[in-house]
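The values are calculated or read from the model by the stated rules, or taken from the named source; none is laboratory data. The shown structure was predicted, so the numbers you read here are calculated from the model rather than taken from an experiment. Because the Cβ atoms are built from the backbone with ideal geometry, glycine has one as well, and the counts that use them run over all protein chains shown. Quick note on the areas: whole protein, heavy atoms, side chains included, nothing else; ligands and nucleic acids left out. Shrake-Rupley method; radii C 1.70, N 1.55, O 1.52, S 1.80 Å.
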Amino acid sequence: MKHSLLFVILAVAFGTGSSIKENNRSFVIDYSNDRFLKDGEPFRYISGSIHYFRTLPSEWRDRLRKLRMAGFNAVETYVEWSSHEPEPGEYDFSGILNLVKFVEIAQEEDLLVIMRPGPFIDAERDMGGFPYWLLRKNKNMQLRTSDPTYLEEVDHWFSNILLPLLKPLLYENGGPIIMVQVENEYGGYPACDHNYTEHLRDVFRKALGDSILLFTTDGNRVSDLTCGKIPGVYATVDFGAGGSPADRFAPMREIEPHGPLVNSEYYPSWLDYWGTPHNTGDVTEIAQSLDDQLAFNASVNMYVFHGGTSFGFGSGSDFDISFHSCPTSYDYDAPLSEAGDPTEKYWALRNITEKYLPLPEGDVPPPSPKFTYGKVAMEIVTNVFQMKLHLDHVNATWPLTFEELFVSNGLVIYQTVIPFRIDDPSPLVIDEIHDRGYVFVDNRYSGVVSREREMYMLPLQGLQGETLSIVVESQGRICYGPRTNDFKGITTNVTLSGFELQDWTMVPLPLTNISLLSSVLSQMEKLHHHKNTPQPELRGTPQGGMSFYTGTFNVPESLDHPQDTFLRLDGWGKGIAWVNDFCLGRYWPEVGPQVKLYMPRGVLKTGPNKLLLFEQELAPCQIPDTCFITLEDKPLVDGPTPLRNYTLEENFAHH
């Protein structure tokens, strides 16, 4: 449900508890003794990151209780602006985005809360958590700077919407929030705009009061800390396992000579990319390094304690020397698995924390039950070229970006007419394809252009008057660094034999609007059934790509169900999956390392459940009885990555 500003104000007034300050509650820094004081007593936290937007609300209490039962006394979470304000002035704090409820459950589970509201969060999320529409409001907007057009949007979000929601939840007001971060790892951002970060500090102070403990987080390099440090805001660092605490905290001590030592992001492993092996962290090393830091009297937040899942189109991408997109799973080899199950690392860390803080009484909650629901037969519904006839389109001389088309994510069909005959293969060049383009001539598949594979040219043959179609996929906006203003779609002019192609028609596919998507698919299903359309004509490609498939599976009507399960797609290429209108996320098993998608029990129901796939490349449906997926009881996020060393020529041949 999306809420108007009035609803948000009412939620602040009536739905978040008392805002009366409890004078006996305080959380401050004791600089003279290099420690925190909670209610006047020495305090140290051992915290773990859990992102509310990556776990279903039905599972929040389970994950938070497991964190507390591991001996941790605080939870840290980001706030993702883009999810809460998907379009300007449209606010959503319901369901998986009910931030206040997440914080309240944390308090009920005896956890303090460390809040990281951004506005930039990174977190391997699309555009680092920024709403995509910032790029539409001003295509030259300088993110994370004093650009007035940027600050206008940030100030409104913080001052009028988010911070008033958080204020009643502060520790001094009876809530669990002890600290609030300003920006995020800003020292690593080239702009280094101190006017901007000091402005944010003042916005936070005005909205939350002078007594809230504000902090920053940066890499443990003096250069990062120097740029990231904000006067009047406590500077902390982040780093992984290895090295001595004295050496790792030395840069922090250079910037903050006094105060508690804090590692705000202690990594149990590292993030993954499609096409590269799954990262893991050595259990013994991770546990020993935590022990060393706690023995050094540091406070530590583990990033992440539970990673969860980037459902829908939430996962982002990175760009160092090249573009890499992130998978749907955010397992992170964390102490709790993607499905929330305690791992070997969980128990090893619990053995460390109990040396420094008392463990709560009671048992650690068990892993959630898993079930193999088995094979699910899939049936083709339609393809994108048939669907586009039932969708709105936009005409323009030159290609428009997703942002200009009001498309947050997914795919857009770009079409134009070939203006001259091509007798020999001629180069189709798209210098800036963001991110993956499937090329067709009169609906005949010709090949792929790819930012990830750095393939921007495709030899093309065609006749004058034939239609050139480029179906462009966003693989997630860049989440970190100076390229976060990552426009999607065709972001430059397209040339064929050096000739700039004009007069484009663009048709966004309604992949982020499940109501519209379901309605159109239902119309298409009835139409094809009425016409008795042969299955081969329903395919977007001879291999079954660019097509939608549906299937139904049954969940037993018993008290033991629904249960978690995992969607396995052997023989399928690349696409997007939904169950019961809930978008599980992107799949790409042919490149790995994630082979199965996590399907949590909270999106299932007893009786029939509907599965929907949009397959972009290849479906195993040319032979009878092979068009199916499998629902299994075990995850697979560390599968093979067979295409990671392909040359460009081999990749052309593959596609």
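Points worth noting:
- Protection proxy ranking of 618-624, 421-427, 58-64, 349-355 - average other beta-carbon atoms within 10 Å, highest first: 58-64, 349-355, 618-624, 421-427
- Think of each Lys and Arg Cβ as +1 and each Asp and Glu Cβ as -1; about the Cα centre, that makes the dipole of the chain roughly 1000 debye.
- Where a label projected 7 Å from the Cα of E41 along Cα→Cβ would reach, residues of the range 160-186 with amide N under 19 Å: 171-179
- Portion, in percent, of the accessible area of the range 521-651 that falls on carbon or sulfur, probe 1.4 Å: 52 percent
- Expected 222 nm ellipticity per residue - DSSP helices of 4 or more, -39500 (n - 2.57), all of the chain, to 500: -6000 deg cm²/dmol
- Sparsely packed chymotrypsin sites (Phe, Trp or Tyr not before Pro) within the range 235-279, loop by DSSP, other Cβ within 10 Å at most 14: W270
- Helix runs (DSSP H) in the chain reaching 15 Å along axis by Cα, Kyte-Doolittle at least 0.0: 283-295
- Carbon/sulfur fraction of accessible area - the range 266-328, other protein chains in place, 1.4 Å, %: 54 percent
- Modelled FRET efficiency - R0 25 Å, S32 with L359, Cβ distances, 0.05 increments: 0.20
- Distance from the C-alpha centroid of the range 428-507 to that of the range 517-541: 27 Å, rounded to the whole angstrom.
- Orphan Cys of the chain, criterion: no other Cys C-beta under 4.7 Å: C326, C479, C583
- With every protein chain in place, the range 348-415: carbon and sulfur % of accessible area (1.4 Å): 52 percent
- Part-to-part distance (alpha-carbon centres) for the range 211-288 and the range 569-598, which is given in Å: 33 Å
- Computing Rg and Dmax of the Cα atoms in Å directly from the structure and comparing it against (i) 27.7, 90; (ii) 30.5, 105; (iii) 25.5, 83 singles out (iii).
- Counted over the chain, the DSSP beta bridges are approximately 75% antiparallel.
- Dipole of the chain, positive end: most advanced residue of P365, T467, N493 [Cβ charges, Cα centre]: P365
- For D333, the solvent-accessible surface computed with a 1.4 Å probe is close to 40 Å², ligands and nucleic acids excluded.
- Per residue solvent-accessible surface (Å²) - the chain, probe of 1.4 Å: 38 Å²
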